[in-house]
1. If we only count helices (runs of 4 or more DSSP H) wholly inside region 1-98, which ones have 3 or more residues that are under 21 Å from Ile117 (Cβ atoms)?
2. If the Cβ limit is 9 Å and pairs must be 6+ apart or interchain, which residue in region 9-21 that is touching a residue at least 40 places away in the same chain (Cβ under 8 Å) and surrounded by fewer than 20 Cβ atoms within 10 Å (Cβ to Cβ) pairs with which residue that is in a helix (DSSP H, G or I) and of a type in the set (A, V, I, L, M, F, W, C)?
3. Report every pair of residues separated by at least 6 positions or lying on different chains whose Cβ atoms are under 8 Å apart, first residue within region 94-119 and in contact (Cβ under 8 Å) with a residue 12 or more places away in the chain, second assigned to a loop (DSSP other than H, G, I, E, B) and acidic (Asp, Glu).
4. Give the residue that is farthest from Ser93 (Cα to Cα), with candidates limited to residues of region 58-73 that are touching a residue at least 12 places away in the same chain (Cβ under 8 Å) and surrounded by fewer than 18 Cβ atoms within 10 Å (Cβ to Cβ).
5. Tell me, yes or no, whether region 116-135 has at least one residue that is over 30 Å from Ser85 (Cα atoms) and acidic (Asp, Glu).
6. Among the residues of region 153-193 satisfying the criterion of being more than 14 Å from Leu209 (Cα to Cα) and free of Cβ contacts under 8 Å to residues at least 12 places away in the same chain, which is farthest from the chain's Cα centre (by Cα)?
7. In region 108-118, which residues are surrounded by 17 or more Cβ atoms within 10 Å (Cβ to Cβ) and either in a helix (DSSP H, G or I) or modelled with pLDDT under 85 (or both)?
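The values are calculated or read from the model by the stated rules, or taken from the named source; none is laboratory data. Values in this document were obtained by computation on a predicted structure and should not be read as measured data. Note that we place each Cβ from the backbone using ideal geometry, even for glycine, and neighbour counts take in every protein chain shown.
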Amino acid sequence: MQSMLVIGLGRFGRNLALHLMELGNEVMVIDKNEEVVDQLAPYVTQAKIGDCMKEPVLDALGVSNFDICFVCISEDFQSSLEITSLLKDYGASRVVAKADREIHAKFLRKIGANEVIYPERDMAQRAAVKYSAQNIFDYIEFTSEYAIFEIEVPAKWIGKSLKEVDVRSRYRINVIGQKNDQQVIPITSADFVFLPGEHLLLAGSKKDLLMLAKEK
């Protein structure tokens, strides 16, 4: 369990806070909009009303006590910059800031952001990959080149074993496991036989995975 501070409760900030709570973290949220704070208060560890552009507000939060501070200001980039800088001044150990453009990310890093995230860009990339082939059900990106895809068993693999298909040598892809509902079952035996309708988790380069996913 980690202690998180989420500054800014726009759509992204609200959803981030809720998912962090679902994963068992302690989450404090803060925003100057009283209505938004009141709506989220029952679902997080602590909720405060305040303008983090004001130094006494940040000082009172004790930002150095949080494992991660998220700056989720989207409508005012100047505020995002100043809050990120103030967080570092007050001893925040790890600051993750939201950016919409690369030039924004560049400035955020310069003033101390440890990491910068691009929710809209990342979602667009994820959608582009997912819908580039009909049988991609999910997708997790590791780097710009490598990822994990969830796809349906290719027709040419059905009835054959992992050894017979020779996935690693022929496709330059690793078979991680079989997904059944929300449960992942590791595939460790070369004698595993592929059955119709199964969902597989495959790891490799996006280029190789997309080529396989597009095969009939």
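1. Those helices (runs of 4 or more DSSP H) span 11-22, 77-89.
2. Close Cβ pairs satisfying both conditions: Gly10/Val36.
3. Listed pairs, sorted by first residue: Arg94/Asp67; Tyr118/Asp100.
4. Ranking the candidates gives Asp59 first.
5. No, there is no match, as no residue in region 116-135 is over 30 Å from Ser85 (Cα atoms) and acidic (Asp, Glu).
6. Residue satisfying both the conditions and the ranking: Glu164.
7. Leu108
Yes/no per residue for (1) surrounded by 13 or more Cβ atoms within 10 Å (Cβ to Cβ); (2) out of contact with any Ser or Thr (no Cβ under 9 Å at 6 or more places or on another chain); (3) at pLDDT 80 or above; (4) in a loop (DSSP other than H, G, I, E, B):
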residue	(1), (2), (3), (4)
Asp122	no, yes, no, no
Ala128	no, yes, no, no
Ser132	yes, yes, no, yes
Asp138	yes, yes, yes, no
Ala147	yes, no, yes, no
Gly159	no, yes, yes, yes
Ser169	no, yes, yes, no
Val175	yes, yes, yes, no
Gln178	yes, yes, yes, no
